[in-house]
Each structure stands twice: as structure tokens, then as C-alpha cells.
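One structure is given here, and the rest of the page talks about it.
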Amino acid sequence: MKVNGSHTLKAPIDKVWEFLMDPDSIAKVLPGCKALAETRPDIFEGTLEIGIAAVKGSYSGSVQLLDKERPTSYRMIIDGNGKRGFVKGEASIGLA
């Protein structure tokens, strides 16, 4: 599955970057995220509840931030396991 989108935010780029580096903020923008805590720099453990056909359920796993180019971009890798199987995802975040 591929999801694309863009959003216009009326805020300075540095403020948006700081928002997206905060674990509580990441949890708010990550679909289905119920909990997220930083365990090491740029690595977070959490719980996702997603509902996509046969893989609907709760998944525990990690979110890792890579290739950070402050304050314009980074990649997010999501990896989780649950009773129904596993979920893997990647997101590219770009600020302009």
C-alpha cells in the first residue's frame, strides 16, 4: 500500500522540525499509534492499532528516524509484530 500526501502548516520550518522530533508529536501524526517512547536516540518503541483487512489488530514494534537533514527531511522506518502477522512501513518526510 502506498500513501501520499502533503500539508501546509503556517509555522516556521524550525518549529515544525522540533514538533516532528518529539515522541509525543510523532505518536499524534503516525496513524493508529497508541503509545511511543524513545529508547535510544532516534529509535522509539510503541504500539500501533491498524485496521487493514486481514492484518487488523494491535502491533508492537519500533520506529526509527534515519537520514536526518535538519530542518528539511528524514526517513521513518516502522517495524512491528502482532497476533495477525507483521507490519513494515517507510515514510519520507520533507519540509520546505
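The values are calculated or read from the model by the stated rules, or taken from the named source; none is laboratory data. Values in this document were obtained by computation on a predicted structure and should not be read as measured data. Backbone-built Cβ (ideal geometry, glycine too); neighbour counts: all protein chains shown. Heads up: the accessible areas ignore ligands, DNA and RNA and are worked out on the full protein's heavy atoms, side chains in. Shrake-Rupley method; radii C 1.70, N 1.55, O 1.52, S 1.80 Å.
Mind checking which residues of the range 65-74 are surrounded by fewer than 14 Cβ atoms within 10 Å (Cβ to Cβ) and either aliphatic (A, V, I, L, M) or outside any loop (DSSP other than H, G, I, E, B) (or both)?
Kept after step one, since they are surrounded by fewer than 14 Cβ atoms within 10 Å (Cβ to Cβ), are these residues of the range 65-74: 66-67, 69-70, 72.
Answer for the range 65-74, where residues must be surrounded by fewer than 14 Cβ atoms within 10 Å (Cβ to Cβ) and either aliphatic (A, V, I, L, M) or outside any loop (DSSP other than H, G, I, E, B) (or both): LEU66, ASP67, GLU69.
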- Message: Can you find, within the range 28-56, the residue that is least open to solvent (accessible area, probe 1.4 Å) among those that are among the aliphatic types (A, V, I, L, M) and closer than 12 Å to ARG84 by Cα?
- Response: ILE50
- Task: Among residues belonging to the range 75-96 that are over 14 Å from CYS33 (Cβ atoms), in a strand (DSSP E or B) and of a type outside the set (Val, Ile, Thr), point out the one that is least open to solvent (accessible area, probe 1.4 Å).
- Result: GLY85
- Check off (1) in contact with a Phe, Trp or Tyr (Cβ under 9 Å, 6 or more places away or on another chain); (2) among the hydroxyl-bearing types (Ser, Thr, Tyr); (3) open to solvent by 30 Å² or more (accessible area, probe 1.4 Å) for TYR59 and give me the number that stays unchecked. (3)
- Name the residues in the range 1-19 that are part of a helix (DSSP H, G or I) and either closer than 11 Å to VAL29 by Cβ or within 16 Å of the chain's Cα centre (by Cα) (or both), would you? VAL16, TRP17, GLU18, PHE19
- Return the only residue of GLY89, GLY57 being under 11 Å from the mean Cα position of the chain (by Cα) and small (Gly, Ala, Ser). GLY89
- Pairs only if they're at least six apart or on different chains, beta carbon under 8 angstrom, first in the range 1-28 and in contact (Cβ under 8 Å) with a residue 12 or more places away in the chain, second open to solvent by 100 Å² or more (accessible area, probe 1.4 Å) and not hydrophobic (A, V, I, L, M, F, W, C); list them, first residue then second. TRP17/ARG70; ALA27/LYS34
